[in-house]
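The values are calculated or read from the model by the stated rules, or taken from the named source; none is laboratory data. Nothing here was measured: the structure is a model prediction, and the numbers come from that model. Note: ideal-geometry Cβ built from the backbone for every residue, glycine included; neighbour counts use all protein chains shown. Ligands, DNA and RNA are excluded from the accessible area calculation, which covers all protein heavy atoms including side chains. Shrake-Rupley method; radii C 1.70, N 1.55, O 1.52, S 1.80 Å.
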Amino acid sequence: MERSRIAVAGASGLIGSALVRSLTADGHEVVRLVRRAARGEGEVCWDPEEQYIDTAGLLGCHAVVNLAGAGIGDHRWTDAYKKTLRDSRVLGTAALAEAVAALPEPPRVFVSGSAIGYYGETGDRAVDETAPPGDGFLPSLCVEWEEAADAAQEAGVRTVFVRTGLVVAREGGAWGRLFPLFKAGLGGRLGDGRQYWSFISLHDEVAAIRHLMDREDLSGPFNLTAPQPRTNREITAAMGRVLHRPTLFPAPAQSLRLALGEMAGDVLGSARVLPGRLLDSGFSFAQPEIDEALRAALRS
């Protein structure tokens, strides 16, 4: 993509901040959506739950990227927090999509966040973008999340959904919690360890988003996961190898259910998700294997 003006919602999050750094380093003008009064031309005020956006700040944007949403693992899934998870994604996406559709010159592309939670429990069965949504809270949330972008699609804006897997990063996300435990020698498998974890390095996540932004022939859902998902048992072993630590402290399934409530199903569940459309588009992974992704995270 030539040097462009790009708006990013969720710019302070794990993926958003890395994307902003990458775009800025390449000379793009990045406009951050912030939930307070804007401070200068590099910010746009918005309130996703109230579905308010200062649309004037989106004028001239070639791309709008929506990565906003409350953290899935930040709190126990009470009814109140489930509502927070839904509203921060669905209402915010709808507001952005409607704002994009209403612009006199809409952006060339609207990239909207989603997650591999769309597929629910897959067991040992590998799934790609052709698979239907699963059952339960996360799949229904992801369906609503993607449907909230309808206004942009109906306005003819190329719309891409990035169904992101577990991002391997030193800080933030699931691995931001795992690394300290494993570095202290307190890590181990979760449950029986047979569940598949579909991971992606932070570098590849950002590179994939930029690839999808640049390719004008690509739209719809894309799984952002490494080509070979690994089981929790395999990932636990990789953590031990890379960090040179023992992995002797498994967390029993029942203990996780007591500690995490409904969210334990997401930790213990298996999601064997393949990046079929991303590979078909010619994207090349820099860190396709878990050991490579872990080492890249530690270098960052």
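How large is the accessible surface per residue of the stretch 150-252, computed with a 1.4 Å probe and reported in Å² as a whole number?
Per residue, the stretch 150-252 has 41 Å² of solvent-accessible surface.
Given a 1.4 angstrom probe, what's the average accessible area per residue across the stretch 1-130, in square angstrom?
45
Obtain the nm distance between the two label points defined at ARG108 and SER281 by a simple spin-label model: each point lies 7 Å from its Cα along the Cα-to-C-beta direction.
Reported label-point gap for ARG108 and SER281 is 1.4 nm.
With axes computed from alpha carbons, what is the tilt in degrees of helix 173-183 against the longest principal axis of the chain, rounded to the nearest 10 within 0 to 90?
Rounded to the nearest ten degrees, it is 30.
Mind ranking VAL100, VAL143, VAL34 by accessible surface for me, highest first, 1.4 Å probe?
VAL143, VAL34, VAL100
Relative to the longest principal Cα axis of the chain, at what angle does helix 92-102 sit, 0 to 90 degrees, rounded to 10?
30
So what's the angle, to the nearest 10 degrees on a 0 to 90 scale, between helix 14-25 and the longest Cα principal axis of the chain?
The angle comes out at about 50 degrees.
Please report the accessible area of THR130 (heavy atoms, 1.4 Å probe, ligands and nucleic acids excluded) in Å², nearest 10.
Accessible area of THR130: about 120 Å².
Could you give the alpha-carbon Rg of the stretch 94-225 over 2.2 N^0.38 Å, rounded to two decimals?
Cα Rg divided by the expected 2.2 N^0.38 Å: 1.21.
Restrict the search to the stretch 171-218; then list the trypsin sites (Lys or Arg not before Pro) that DSSP places in a loop and that have at most 14 other Cβ atoms within 10 Å of their Cβ.
Answer in residue order: ARG194.
Counting only protein chains, not ligands or nucleic acids, how are GLU2, GLU50 ordered by accessible area (probe 1.4 Å), most first? Kindly include the intermediate steps, with their values, before the conclusion.
Numbers: GLU2 95, GLU50 135 Å².
The most accessible residue leads, giving GLU50, GLU2.
Which distance in nm do the two modelled labels at LYS183 and ASP150 give, with both placed 7 Å along the Cα-to-Cβ direction?
4.7
Once you place label points 7 Å from the Cα toward the Cβ at LYS82 and VAL143, how far apart are they in nm?
1.5
If ASP124, ASP135, ASP192 are ordered by their accessible area, calculated over protein heavy atoms with a 1.4 Å probe, which sequence runs from highest to lowest? Let's see the in-between values first.
On the way: ASP124 110, ASP135 145, ASP192 80 Å².
The ordering from most to least exposed comes out as ASP135, ASP124, ASP192.
How long is the gain from ASP47 to ARG299 if the chain were fully straight, where each residue apart is worth 0.36 nm and the alpha carbon distance is subtracted?
Full-extension gain reported as 87.2 nm.
Ignoring ligands, DNA and RNA, what percent of the 1.4 Å accessible area of the stretch 1-139 is carbon and sulfur?
49
Take the eigenvalues of the Cα gyration tensor for the chain, scale each by 5, and report the square roots as semi-axes in whole Å, largest first.
32, 20, 18
To the nearest 10 square angstrom, how much accessible area does ARG295 have with a 1.4 angstrom probe?
That residue has around 110 Å² of solvent-accessible surface.
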